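Engineer: Sending over a structure as structure tokens; questions will come in a sec.
The values are calculated or read from the model by the stated rules, or taken from the named source; none is laboratory data. Note that the structure is a prediction, hence the values are computed from the model and not measured. Don't worry about glycine lacking a Cβ; one is built from the backbone with ideal geometry, like all the others, and counts go over all protein chains shown. For accessibility, only protein heavy atoms count, side chains too; no ligands or nucleic acids. Shrake-Rupley method; radii C 1.70, N 1.55, O 1.52, S 1.80 Å.
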Amino acid sequence: MAHTALGGVIGVLWLVLPGVTAEQERHEVSVSAAPAAPALAAEEDETSTGDLVLPLVAAGAATAVAAYGYTRRRRRTKARAAPAGLVPPARATTPELDRQARRSLVAADDCLRTSREELGFVEGLFGTESVAPFTEAVRYAEAELSAAFQLRQAYDDNPAAASRDTLDEIVARCVDAGRRLDAEAAGFDQLRALERDMSSALSHAEARFRELTGRTSAAEATLADLRERYGPSASLLVSGQVEQAKDRLVFATDGLNRARQSADLDDRDRAVLRLRAAEGAITQAEMFVDGVDRLASALAAAAQALPEALDEAEAAVVEARERLAEGTASGAQDGALEGHVSRAEATLAAVREEAAAGPYDPLEALRRVALVSAPLGAVPGAVRLVARGATDAADGFIGTHRGAVGAEARTRLAEARRLLDRDPAEADAFARQARELAERDVRAHGNPYGGRTEHANGVAGAVLGGILLGDPPDAAAETLTGGAPGSFGGPATRARRGIAS
């Protein structure tokens, strides 16, 4: 702001001083050389016009410099005021700032996911209107984080051409997203009022738990049916999800029982923590089950859409053959088109044969049809179905394994979402890459709690899923069998252990 004020003063002085000088000159002329007034007046008009040009340019430059400085200082001020863990180190090197940007994206995405999940429970209790301010905060955080991920994707695409300002902006947007969620955390706790009455919240969670237990059994039957009806690759994306849903339900059972016990003993703080942990586990179990149901619907839709997609692709092949026969393509283009056509013909014939023989993977078949059609200028409309399925699968995997997934996978997922409607084929590629990167992160993370009896009640999955924040302590069996559960809020409030006063 000081630079802004200084720029304004400089501009005013430049504008005022020529006028003062001209006034003095006019006064002297009127006293000592009155007969020459007409000629001097004309000369003064020309001089005063010229005198104004430089001051205006200087004032404009000063204002631009001041505005630029203010923008940069505002971004740095945001970073300095940010919660611990999201602030880049002073005079950080570019690699340090890059690592900080990655950590900021992961932290903000985790906060947003946890907030969205707990908000779903509260909306089920109090209705849409009651949670409107919190829904708006989540939407604001979603928009800020989406912009941050887009910046990160641009940075990853061409890091040599990117600047430190891009990394600064990523951190600043993550800070804004977290700060908005933090601002609503106290009001969120007041709405829940768990310190006064937990009975309705516990009953609601237990009802969802019972419903989900039935859905999990149904999902197990659905998965078995998919394996019989389609090719082995068709159900690969949801392999193991029923078992993971059961694991989260085991953790939820323990959490709900302990929450009731703590509430009966009037230990409200501990009861709230256990309830929130149980709610998080129920939400993730539901995500696993939803993934199986979505895949079943997507496979059925893909099987129905495949014949039309094949017809579209074969029509594109015929048109391309006609162009080759007419000689409208030449040279390298002619050779490239011939190669595309040959590959398309072979792929389409193979897909038709596989579909007729069965069982096969309809989604993968559609993907192959789309890939060979694209160089011929015709992408089947059904490819959006493929892209959406891949994006949903990647999102579900990252959400239920977020304790181990880094920024790269999350960035590719965000890019897949952004491109889903405008370029579904590209979105599908980004979604598949996001899933591969997330699986790599989970493999690298491993399961450090496997085989330990104190963590046999689903705690390893709860930590991996980000339900419990941090590593479980040795004496956890007495409390939550893990760290504090996440809750609605940003980095400063998400791990709060207390309840509203």
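Engineer: For segment 356-467, what is the accessible area per residue in Å², given a 1.4 Å probe and the full set of protein chains?
Structural biologist: That works out to 38 Å² for each residue.
Engineer: On alpha-carbon atoms, Rg over Rh for segment 269-400 using Kirkwood Rh?
Structural biologist: 1.24
Engineer: Return the equivalent ellipsoid semi-axes of segment 219-309 as a descending list in whole Å, where each equals the square root of 5 times an eigenvalue of the C-alpha gyration tensor.
Structural biologist: Semi-axes, largest first: 39, 11, 7 Å.
Engineer: If you put +1 on each Lys and Arg Cβ and -1 on each Asp and Glu Cβ, how big is the dipole of segment 303-409 around its Cα centre, in Debye rounded to 20?
Structural biologist: Result for segment 303-409 is approximately 340 debye, rounded to the nearest 20.
Engineer: Additional query: What nm value, rounded to one decimal, do you get for the distance between D334 and A92 when each label is placed 7 Å out toward the C-beta?
Structural biologist: 5.7
Engineer: Averaged per residue, what accessible surface does segment 259-328 expose to a 1.4 Å probe, in Å²?
Structural biologist: Each residue of segment 259-328 exposes 44 Å² on average to a 1.4 Å probe.
Engineer: Any idea what log10 I(q)/I(0) is at q = 0.17 Å⁻¹ for segment 336-441, Debye with uniform C-alpha scatterers and no solvent?
Structural biologist: Result of the Debye calculation: -0.81.
Engineer: Between Q304 and S239, how many nm apart are label points set 7 Å from Cα along the C-beta direction?
Structural biologist: Calculated label separation equals 2.8 nm.
Engineer: Let me ask another. Any chance you could get the radius of gyration and Dmax over the Cα atoms of segment 147-239, in Å?
Structural biologist: Computed over the Cα atoms of segment 147-239, radius of gyration and Dmax are 22.9, 57 Å.
Engineer: I've got another one for you. At a 1.4 Å probe radius, carbon and sulfur cover how many percent of the accessible area of segment 270-408?
Structural biologist: 52
Engineer: Another question about this same structure. Evaluate the distance, in nm, between pseudo-label points positioned 7 Å from the Cα of A325 and of A221 along their respective Cα→Cβ axes.
Structural biologist: Reported label-point gap for A325 and A221 is 5.4 nm.
Engineer: Ok, one more. How large is the Kirkwood hydrodynamic radius of segment 85-197, in angstrom, based on all distinct alpha carbon pairs?
Structural biologist: 15.2
Engineer: Can you give the FRET efficiency to the nearest 0.05 for R268 and A183, using r as the Cβ-Cβ distance and R₀ = 22 Å?
Structural biologist: 0.35
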